[in-house]
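Below: one structure, written as structure tokens.
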Amino acid sequence: MDGEGDVAMTPAGLDWKFSQVFGERAAGEEVQEVDVISAIEFDKTGDHLATGDRGGRVVLFERSDQIDHGVLRRVLEGMDCSSSRHPEFRYKTEFQSHEPEFDYLKSLEIEEKINKIKWCQTANSSLFLLSTNDKTIKFWKVTSHDSSLLARCRRTYAHAHDYHINSISNNSDGETFISADDLRINLWNFEINTQSFNIVDMKPANMDDLTEVITSAEFHPSHCNMLAYSSSKGSIRLLDLRQSALCDNHSKLFEEHEPQGSRSSFTDIISSISDIKFAKGGRYILSRDYMTLKLWDINMGPGPVATFQVHEHLRPKLCDLYENDSIFDKFECCLSGDGQRVASGSYSNLFRVFGCSSGSSEATTLEATKNPTRRQIQTPPRFLRSPANYTHAVGSRRGLDNSGVDINGNNSYDISTKLLHLAWHPNENLIACAASNSLYMYYA
């Protein structure tokens, strides 16, 4: 994938290096559940980073290797000496976004865990962002006050979802955003917290007839009338809000059917999409299911243009992963700002980076430690068919082989250490990822 479809030279594999870690865990240190990171998000400039945790807190970081909002970086780039520098961040502030709640109507305790964070447009040097737990979305304004930062909740958007909120996404119009749960997608105006408009409703008249739920939703990055949402059946629907107020019918459907004879008792579970992201230009959508990353071209047919195997060595162990519920883990995905690479996490605090330009065979395994490449071993590439008239090497060219055994013959995965959340800097090759309560950053 090159920009918006132009063919370019295949980039070489990147040399990833450790940059920073915040909240590093000492050997043997017990991590409190409330400190585990549950959301990561860069703003559009890449100068700010936000994390949310299971204790309902939001922590903000700001870029510290720049002077005057990037002037130094641009000067260095003009002097052709930027290669020695990489983005660095410093702690900025934190605040309690959500507290535990209790739904008395349903006799249900609502966790304070932050599910998603989205940065909003800045104004008058103030920062704005949305954060949500399972039921309640909050709109925050962060301003400087006596040399310190003060976070204030501007609005609370509540009582619009019967099921857990899995997605929030800002519209490019700067005025509206969507929130999605298992069965509905609602459209909000930032200025109005008392009313939302239901634009997708998948709830059947009889819940016994329910066969599919919404798993992720996102607005197109530049077309304010377009959004996409994924489902537990492994499909992605593209919607056009101009067609009707309630989008019962999609404008495009993207899905890949399993070949005859390849289905198993776990096929439906592992095909469920856990996350989708639009590429910056809006032509491509990246999706993550349990086993793979898939890249979709919204201008082409219904199937993916590329498929990347994240941890194929786990396929023989799906029964065990089902028994311990790990098969239901929801891994996120991300794309580089230039559209040349994609990334997603796995177990043992590993994450994979794949090249997605035409002809690329880049496939790198990294570990969320200070030595990210220590788990890498050389294995032959594996190829998957790609319907876009070219083939990607998408297996373990680097990293673990497909047997699930490392170079010393040891079992290679630890389901208790899973890397679910990560984000790619919008303009540079910098990845931020969460390993339990620790935030790691890597650059190339």
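The values are calculated or read from the model by the stated rules, or taken from the named source; none is laboratory data. The structure presented is a predicted model; accordingly, all values stated were derived computationally and were not measured. Don't worry about glycine lacking a Cβ; one is built from the backbone with ideal geometry, like all the others, and counts go over all protein chains shown. Surface accessibility is based on the protein's heavy atoms, side chains included, excluding ligands, DNA and RNA. Shrake-Rupley method; radii C 1.70, N 1.55, O 1.52, S 1.80 Å.
Counting only C-alpha contacts under 8 Å and six or more residues apart, can you give the relative contact order of segment 118-256 as a whole percent?
Details: 303 pairs, mean separation 19.8, N = 139.
Averaging sequence separation for qualifying contacts and normalising by length gives 14 percent for segment 118-256.
The label point for residue 211 and the one for residue 322, both projected 7 Å from the Cα toward the Cβ, are 2.0 nm apart.
The length gained by stretching the chain between residue 189 and residue 65 to full extension, at 0.36 nm per residue less their Cα-Cα distance, is 41.1 nm. Ligands, DNA and RNA are left out, and with a 1.4 angstrom probe the accessible area of segment 171-236 is 41 Å² per residue.
Could you tell me what percent of the accessible area of segment 127-187 is made up of carbon and sulfur, with a 1.4 Å probe and every protein chain present? That share works out to 43 percent.
Could you work out how much longer the chain between residue 201 and residue 141 gets when fully extended? Use 0.36 nm per residue separation minus the Cα distance between them, nm to one decimal. Before the final figure, lay out each step's value.
Details: separation 60, 0.36 × 60 = 21.60 nm, distance 3.12 nm.
Answer, rounded to one decimal: 18.5 nm.
Distance cut-off 27 Å, Cα to Cα: go down the list 17/138; 277/418; 233/370 and report the pairs above it. Violating the 27 Å limit, Cα to Cα: 17/138; 233/370.
Largest first, how would 200, 21 line up by accessible area (1.4 Å probe)?
On the way: 200 5, 21 35 Å².
Of 200, 21, the descending order of accessible area is 21, 200.
Annotation: extensible slack from residue 154 through residue 15 equals 45.8 nm (criterion: 0.36 nm per residue apart, minus Cα-Cα distance). Here the simple spin-label model places points 7 Å from the Cα toward Cβ, and for residue 330 and residue 163 these points are separated by 1.1 nm. Tally Lys/Arg at +1 and Asp/Glu at -1 over every other residue whose Cβ is under 9 Å from the Cβ of residue 354; what's the total? Net charge in that neighbourhood comes out at +1. Remark on residue 92: its backbone amide H falls under 5 Å from those of 60, 61, 62, a criterion applied only to residues 5 or more positions apart or on other chains, H modelled at 1.01 Å from N. Karplus-based coupling profile of segment 300-309, in residue order and whole Hz: 10, x, x, x, x, 8, 7, 10, 10, 7, with θ = phi - 60° in 6.51 cos²θ - 1.76 cosθ + 1.60 and x standing for Gly or Pro.
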